[in-house]
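Asks: This is the structure, below, for whatever I ask next.
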Amino acid sequence: MRLALFQPDIPQNTGTLLRLGACLDLPIDIIEPCGFIFNEKAMKRAGMDYLNLASYRRHNSWQDFLEYRQNNPKEYGRLVLMTTKASIPYTNFKFEPNDIILMGRESAGVPESVHQMVDARLIIPMNQNARSINVAVSAVMVIGEALRQTDNFPK
């Protein structure tokens, strides 16, 4: 299981998710460009002292991420996009151990070209009057369910 962040906008969310990855032994892929300068100072506040435990890889672009995924098929399985433009609730989806949970930009999600390339598009059911749930909170919900289903929480 992996978590991929598509061009994240907010360093606090990225830091929080890096901390999550450190705590759950969950590798994180950061697909640039980020909407902030990705450096230790930007990550330190949310990631705290967990950053040295986090396993993450930065990719210069979506294309670089795709090429890396293609060259590492044992690590990188299906691309599962979390989006408000889906109809399948994440709780009705059967996750696999090498799935990549892909989170879009906080400000814009992912472009249509990315929507067309993923293996599955999932939604978090929520109040119809609400726009979206914070990306870090959304990732935590979905990763928790995926790790539960695949029995991949750290022992």
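Asks: Say we look at region 70-90 and pick out the residues that are more than 19 Å from Leu24 (Cβ to Cβ) and of a type in the set (Val, Ile, Thr); which of these is surrounded by the most Cβ atoms within 10 Å (Cβ to Cβ)?
Replies: Thr83
Asks: Next up: Kindly indicate whether Gln149 is assigned to a helix (DSSP H, G or I) and open to solvent by 80 Å² or more (accessible area, probe 1.4 Å).
Replies: No, not satisfied.
Asks: Of all the residues that make up region 83-121, how many are farther than 24 Å from Gln12 by Cα, part of a strand (DSSP E or B) and touching a Phe, Trp or Tyr at 6+ places or on another chain (Cβ under 8 Å)?
Replies: 1
Asks: Checking Phe65 against (1) over 22 Å from Ala120 (Cβ atoms); (2) assigned to a helix (DSSP H, G or I), which single condition isn't satisfied?
Replies: Every condition holds for Phe65 apart from (1).
Asks: Oh, and also: Which condition breaks for Phe65 when tested against (1) in contact with a His (Cβ under 6 Å, 6 or more places away or on another chain); (2) open to solvent by 30 Å² or more (accessible area, probe 1.4 Å)?
Replies: (2)
Asks: Consider only pairs whose beta carbons are under 7 Å apart and that are at least six residues apart or on different chains; among these, list those whose first residue lies in region 90-106 and is closer than 13 Å to Asp119 by Cα and whose second residue is among the β-branched types (Val, Ile, Thr) and buried (at least 19 other Cβ atoms within 10 Å of the Cβ).
Replies: Matching pairs, first to second residue: Asp99/Val80; Ile100/Val80; Ile101/Val80; Ile101/Val142; Ile101/Ile143; Leu102/Val80.
Asks: Kindly list the number of the only condition in (1) outside any loop (DSSP other than H, G, I, E, B); (2) surrounded by 14 or more Cβ atoms within 10 Å (Cβ to Cβ) that fails for Asn52.
Replies: Of everything listed in (1) outside any loop (DSSP other than H, G, I, E, B); (2) surrounded by 14 or more Cβ atoms within 10 Å (Cβ to Cβ), Asn52 misses just condition (2).
The values are calculated or read from the model by the stated rules, or taken from the named source; none is laboratory data. Remember, it's a predicted structure, so these values are computed and weren't measured experimentally. So basically every Cβ, Gly included, is an ideal-geometry build from the backbone, and we count neighbours across all protein chains shown. These area figures cover heavy atoms from the full protein model, side chains too; ligands, DNA and RNA do not enter into them. Shrake-Rupley method; radii C 1.70, N 1.55, O 1.52, S 1.80 Å.
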